[in-house]
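Chemist: Sending over a structure as structure tokens; questions will come in a sec.
Just so it is clear, none of the values below were taken in a lab; they were calculated from the coordinates. Because the structure is a prediction, the values reported are computed rather than measured. So basically every Cβ, Gly included, is an ideal-geometry build from the backbone, and we count neighbours across all protein chains shown.
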Amino acid sequence: MNPVFSTVGLLMLSNVFMTFAWYAHLKNLADKPWILAVVISWSIAFFEYLLQVPANRIGHEVMTVGQLKILQEIITLTIFVPFTVFYLKEKLTWDYLWAGLCMLGAVYFMFRSKL
């Protein structure tokens, strides 16, 4: 399989775990001690790392570390925005659009040598 597609797929899956590890406790464990949220979040993050580490190793065969990081941030935004709206029930604001446009600029500068 193409290393770029493998990398993107693994990073998307890892990001789902990461987003839940970092933010789901705000909804599900808000009334529980923070240490419980930490333990549960670390448990979820374990699975994120099982996907993220191989994704970065595969991706580094064809991309620089900077390109991998920007790719991860774009994926984070594409996973995080629906998570915030549909799972946490927060309102979508124009700031997400502006942040996304800034990220597109970052993508351009990191990948322009390959364009």
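Chemist: Just want to confirm a number: the relative contact order over the stretch 3-114, from Cα pairs under 8 angstrom separated by 6+ residues, in percent.
Modeler: Details: 88 pairs, mean separation 38.5, N = 112.
Reported as a whole number, the value is 34 percent.
Chemist: Tell me, what HN-Hα J-couplings in whole Hz come from the Karplus equation 6.51 cos²θ - 1.76 cosθ + 1.60 at θ = phi - 60° for each residue of the stretch 39-45, using x for Gly and Pro?
Modeler: Rounded to whole hertz, the list is 4, 5, 4, 5, 5, 5, 4.
Chemist: In debye, nearest 20, what is the charge dipole magnitude of the chain about its Cα centre with +1 on Lys and Arg Cβ and -1 on Asp and Glu Cβ, if you could check? Walk me through the intermediate numbers first.
Modeler: Details: 8 positive and 6 negative charges, 18 e Å.
Dipole magnitude for the chain comes out near 80 debye.
Chemist: Counting other Cβ atoms within 10 Å, which trypsin sites (Lys or Arg not before Pro) in the stretch 19-98 have at most 10 and lie in a DSSP loop?
Modeler: Numbers: sites: Lys27, Arg57, Lys69, Lys89, Lys91; in loops: Lys89, Lys91.
Here the trypsin sites (Lys or Arg not before Pro) that fit, given the DSSP loop and packing criteria, are Lys89, Lys91.
Chemist: To continue, here is another question. So which of Lys32/Lys89; Lys27/Lys91; Lys69/Lys114 end up more than 26 Å apart by C-alpha? Could you put the intermediate results ahead of the total?
Modeler: On the way: Lys32/Lys89 20 Å; Lys27/Lys91 15 Å; Lys69/Lys114 16 Å.
The pairs that break the limit, which is 26 Å between Cα atoms, do not exist here.
Chemist: What are the ³J(HN,Hα) values, in whole Hz, obtained from phi via the Karplus relation 6.51 cos²θ - 1.76 cosθ + 1.60 with θ = phi - 60°, for each residue of the stretch 99-115 in sequence order, with x given for Gly and Pro?
Modeler: In residue order, the calculated couplings are 4, x, 5, 4, 5, 4, x, 5, 4, 4, 5, 6, 10, 4, 5, 8, 7 Hz.
Chemist: Another question, if that's okay. What ranking do 7-20, 30-43 get when scored by the average of other Cβ atoms within 10 Å per residue, highest first?
Modeler: On the way: 7-20: 19.9, 30-43: 11.3.
Descending packing order for the listed peptides: 7-20, 30-43.
Chemist: Once phi is turned into θ = phi - 60°, what whole-Hz ³J(HN,Hα) does the Karplus curve with 6.51, -1.76 and 1.60 give for every residue of the stretch 84-89, x standing for Gly and Pro?
Modeler: Working through the residues one at a time gives 5, 6, 8, 8, 8, 6 Hz.
Chemist: Want the number for Glu90 to Asn2: 0.36 nm per residue separation, take away the alpha-carbon distance, what's left? Let's see the in-between values first.
Modeler: Working: separation 88, 0.36 × 88 = 31.68 nm, distance 3.64 nm.
Fully extending the segment from Glu90 to Asn2 adds 28.0 nm.
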